[in-house]
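Asker: Next up is a structure, given as structure tokens.
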Amino acid sequence: MKKDLLKLLDLSQEDIHEILDTADQMKFSQKHRIAHDHLRGKALAMIFEKNSTRTRVSFEVGMYQLGGHALFLSGKESQIGRGEPVEDTARVLARYCDGIMIRTFAQAEVEELARKASIPVINGLTDFAHPCQVLADLMTVREKMTRLEGLKLAFIGDGNNMANSLIVGGLKCGMDVSVACPEGYDPDPVVLDFAKTAADRKFELLRDPAAAAADADVVITDVWASMGQEEERAVREKAFTGYCVDEKLMKLAHPGCMVQHCLPAHRGEEISAEVFEAHADEIFEEAENRLHAQKAVLYLLMRDQ
């Protein structure tokens, strides 16, 4: 595996499967109370310029369970939030810690941090990519369906960081991917260019949620207005009318189709309360798997630091 986890575009199919296989082992060990202190004595700096529940708790608990320590650094309260250049923060933290996780806005900031840091950097979320979440999604789908290759993944909603990472991760793992989003809310052009190269798998960018969900094995959605887009809420609610994952839409998918949501969920907007509760076990298993997938990433990247 590479030195950093910045985006799934950087990983091969083999890299992704190595993470998922390791995550399965981590989950098995935790369920059977087998301790693994692989990162004893190691420290992870966690930079948060965007707030979080799942990202902070899963990384902090994950480092603890691996025998290490995680340090929470708020962007507002650290020097990076007061104008210190990213490259200076990177070089300082590399002298104190064994890894850095950052949750921020610009992908360029994460890439620059990785270029200047001599220790592994993990993208906890940017506006472009959400690799840790999608690794947990793929893990959850593989657990239930026993495979990824040949399945159809449908994403309904905004062409945001989740859509970007699901397209890349799904196609790299041999899935067909259909994305339905309103005009003007497409996935990133870099991701769409990548999708054109996946000649052995089918990719569709559609405007009709029903067409995307047809015969799907897993349907995934996300909020219509992500963090930092709250002022666009009224405009987005109008643009995304008809993009709700509801019972009518789910009838078009394969029987036994999974539903995934990265949370938090706005019931009655991107997903109906009925569909959410019918698939709650899958959704909260997905949330749990953030812990196991990230422990795998931490182990694979930091074990030799």
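The values are calculated or read from the model by the stated rules, or taken from the named source; none is laboratory data. Note that the coordinates shown come from a computational prediction; the quantities given were computed from them, not determined experimentally. All Cβ positions, even for glycine, are placed from backbone atoms using ideal geometry, and neighbour counts span all protein chains on display.
Asker: Mind listing whichever residues of region 250-285 are in a loop (DSSP other than H, G, I, E, B) and more than 22 Å from Ser52 (Cα to Cα)? Spell out how you get there, then give the answer.
Answerer: Kept after step one, since they are in a loop (DSSP other than H, G, I, E, B), are these residues of region 250-285: 251-257, 262-266, 268-270, 272, 279.
Across region 250-285, the qualifying residues are Lys251, Leu252, Ala253, His254, Pro255, Gly256, Cys257, Gly268, Ser272, His279.
Asker: Oh, and also: Within region 25-42, restricting attention to residues that are crowded, with 18+ Cβ neighbours inside 10 Å and not charged (D, E, K, R), which residue is farthest from Ala293 (Cα to Cα)?
Answerer: Kept after step one, since they are crowded, with 18+ Cβ neighbours inside 10 Å, are these residues of region 25-42: 26-27, 39, 42.
With the extra rule that they be not charged (D, E, K, R), the set shrinks to 26, 39.
Values: Met26: 8, Leu39: 15 Å.
Filtering first and then ranking leaves Leu39.
Asker: The conditions are (1) closer than 25 Å to Arg267 by Cβ; (2) surrounded by 13 or more Cβ atoms within 10 Å (Cβ to Cβ); (3) modelled with pLDDT of 95 or more; (4) out of contact with any Asp or Glu (no Cβ under 7 Å at 6 or more places or on another chain), and Thr221 fails exactly one of them. Which is it?
Answerer: With (1) closer than 25 Å to Arg267 by Cβ; (2) surrounded by 13 or more Cβ atoms within 10 Å (Cβ to Cβ); (3) modelled with pLDDT of 95 or more; (4) out of contact with any Asp or Glu (no Cβ under 7 Å at 6 or more places or on another chain) applied to Thr221, the lone miss is (4).
Asker: One residue is enough: does region 150-162 have a residue meeting the conditions β-branched (Val, Ile, Thr), farther than 12 Å from Gln260 by Cβ and at pLDDT 95 or above?
Answerer: Within region 150-162, the subset β-branched (Val, Ile, Thr) is 156.
Next, from what is left, pick out any that are farther than 12 Å from Gln260 by Cβ: none.
For region 150-162, residues β-branched (Val, Ile, Thr), farther than 12 Å from Gln260 by Cβ and at pLDDT 95 or above: absent.
Asker: Of the numbered conditions (1) surrounded by fewer than 15 Cβ atoms within 10 Å (Cβ to Cβ); (2) modelled with pLDDT of 95 or more; (3) out of contact with any strand residue (DSSP E or B) (no Cβ under 8 Å at 6 or more places or on another chain); (4) within 21 Å of Lys295 (Cβ to Cβ), Tyr64 satisfies every one except a single condition; which is it?
Answerer: (3)
Asker: Turning to a different aspect of this structure: Could you tell me which of the residues Glu84, Glu49 is at pLDDT below 95 and under 23 Å from the mean Cα position of the chain (by Cα)?
Answerer: Numbers: Glu84 fails: under 23 Å from the mean Cα position of the chain (by Cα).
Exactly one of Glu84, Glu49 is at pLDDT below 95 and under 23 Å from the mean Cα position of the chain (by Cα), namely Glu49.
Asker: Here is a follow-up. Within the group Thr104, Thr89, which residue is in the same structural domain as Gln294 (by TED's automatic domain parsing), touching a helix residue (DSSP H, G or I) at 6+ places or on another chain (Cβ under 9 Å), among the polar types (S, T, N, Q) and under 19 Å from Val297 (Cα atoms)?
Answerer: Numbers: Thr89 fails: under 19 Å from Val297 (Cα atoms).
It is Thr104.
Asker: Do we find that Gly184 is modelled with pLDDT under 95, exposed (fewer than 15 other Cβ atoms within 10 Å of the Cβ) and outside any helix (DSSP H, G or I) in this structure?
Answerer: Working: modelled with pLDDT under 95: no; exposed (fewer than 15 other Cβ atoms within 10 Å of the Cβ): yes; outside any helix (DSSP H, G or I): yes.
So Gly184 fails the test.
Asker: Tell me whether region 231-239 contains one or more residues that are of a type in the set (Lys, Arg), within 19 Å of Gln133 (Cβ to Cβ), outside any loop (DSSP other than H, G, I, E, B) and in contact (Cβ under 8 Å) with a residue 24 or more places away in the chain. Spell out how you get there, then give the answer.
Answerer: Going through region 231-239, the residues of a type in the set (Lys, Arg) turn out to be 233, 236, 238.
Cutting the leftovers down to within 19 Å of Gln133 (Cβ to Cβ) gives us none.
No, every residue in region 231-239 fails to be of a type in the set (Lys, Arg), within 19 Å of Gln133 (Cβ to Cβ), outside any loop (DSSP other than H, G, I, E, B) and in contact (Cβ under 8 Å) with a residue 24 or more places away in the chain.
Asker: Looking only at residues that are farther than 16 Å from Ile156 by Cα and acidic (Asp, Glu) in region 240-286, which one is surrounded by the most Cβ atoms within 10 Å (Cβ to Cβ)?
Answerer: The qualifying residue surrounded by the most Cβ atoms within 10 Å (Cβ to Cβ) is Glu286.
Asker: I've got another one for you. If you go through region 165-177 one residue at a time, do you hit one that is assigned to a helix (DSSP H, G or I), surrounded by 16 or more Cβ atoms within 10 Å (Cβ to Cβ), without any contact (Cβ under 8 Å) to a residue 40 or more places away in the chain and not assigned by TED's automatic domain parsing to the domain that holds Ala213? I'd like the intermediate steps shown before the answer.
Answerer: The first filter runs over region 165-177 and keeps only residues assigned to a helix (DSSP H, G or I), leaving 165-172.
Keeping just the survivors that are surrounded by 16 or more Cβ atoms within 10 Å (Cβ to Cβ) gives 165-172.
Applying the additional criterion that residues be without any contact (Cβ under 8 Å) to a residue 40 or more places away in the chain yields 167, 170-171.
From what is left, the residues that are not assigned by TED's automatic domain parsing to the domain that holds Ala213 are none.
No, the conditions are met nowhere in region 165-177.
Asker: Do you know which residues across region 123-139 are under 17 Å from Val57 (Cα atoms) and in a loop (DSSP other than H, G, I, E, B)?
Answerer: Once the filter is applied, which keeps residues that are under 17 Å from Val57 (Cα atoms) and in a loop (DSSP other than H, G, I, E, B), region 123-139 yields only His130.
Asker: I'm trying to understand the selection: among the residues of region 240-249, which are part of a loop (DSSP other than H, G, I, E, B) and either under 12 Å from Ala210 (Cβ atoms) or not assigned by TED's automatic domain parsing to the domain that holds Ser272 (or both)? Show your work before the answer.
Answerer: Step one: list which residues in region 240-249 are part of a loop (DSSP other than H, G, I, E, B), which gives 240-244, 246.
Answer for region 240-249, where residues must be part of a loop (DSSP other than H, G, I, E, B) and either under 12 Å from Ala210 (Cβ atoms) or not assigned by TED's automatic domain parsing to the domain that holds Ser272 (or both): Gly242, Tyr243, Cys244, Asp246.
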